[in-house]
Amino acid sequence: MAITRTFSIIKPDATRRNLTGAVTKMLEEAGLRVVASKRIQMSREQAEGFYGVHKERPFFNDLVTFMTSGPVVVQVLEGEDAVKRNRDIMGATNPENAEPGTIRKELAESIEANSVHGSDSEENAKIEIDFFFKPEEIVG
Ligand code: RTP
Ligand code: MG
């Protein structure tokens, strides 16, 4: 299996509860390596751009407000089949439906405040990595 990359966000509900390390530990234990990481305060404009695909969804405005409500940690993760590996350790969008042992089941607060984002395809991973990182900020 090829080594690939995915994009991850530790969301404001997790940074607020000082869970940056706890989330990162679960990612690392799942076989992913953090090859880029920075803590940022997303602007409304950035969040609207990042979540552009969800523009027409009823939860779009709440999501943008939530994602700008505090610091986030954006990361590039590397590993075998990184996109799927990350989605597996994240668990279902709604923590109530997530499997035991997943980040969302163990740490998330709600369907919105669900602690982590992860790219859903290799194509989107590339777009999302480029949205937040310059090539020289990623050290594999
Ligand atoms: P993500 O993009 O954050 O990795 O999560 P996902 O693929 O599991 O979920 P997606 O459908 O892409 O939704 C993006 C984020 O929007 C929030 N959400 N709120 N209130 C709601 O019904 C609702 N549904 C989704 C969550 O923060 C979700 O992760
Ligand atoms: Mg998604």
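The figures follow:
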read-out	value
Partner lysines for K25 [C-alpha distance under 23 Å; skip if fewer than 8 residues away on the same chain]	K11, K38, K84, K105
Two-decimal ratio, the range 1-83, of alpha-carbon radius of gyration to 2.2 N^0.38 Å	1.17
Segment E56-D81, length gained on full extension (0.36 nm per residue, minus Cα span)	6.0 nm
Listed residue (S121, A22, L77) projecting farthest to the positive dipole end of the chain, Cβ model	A22
Residue-count net charge about L77 - beta-carbon cut-off 10 Å; Lys, Arg +1, Asp, Glu -1	+1
Residue-normalised accessible area of the chain, expressed per residue, 1.4 Å probe, Å²	53
Charge dipole magnitude, Cβ of K and R +1, D and E -1 - the chain, Cα centre, debye nearest 20	340
Kirkwood Rh, Cα atoms: Rg over Rh of the range 16-57	1.09
Apportionment of accessible area to carbon and sulfur, the range 68-140, percent (1.4 Å)	47
Within the accessible area of the range 3-46 (1.4 Å probe), percent carbon and sulfur	47
Projected-area mean, the range 46-140, by convex hull of Cα positions, square nanometres	6.7
Simple Cβ-charge dipole of the range 1-65, Lys/Arg +1 and Asp/Glu -1, about Cα centre, in debye nearest 20	200
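The values are calculated or read from the model by the stated rules, or taken from the named source; none is laboratory data. Keep in mind it's a predicted model, so treat the numbers as computed, not measured. As a convention, Cβ positions derive from the backbone with ideal geometry for all residues, glycine included, and neighbour counts pool all protein chains shown. For the accessible areas, the whole protein counts, side chains as well, though only heavy atoms, and no ligand, DNA or RNA atoms are used. Shrake-Rupley method; radii C 1.70, N 1.55, O 1.52, S 1.80 Å.
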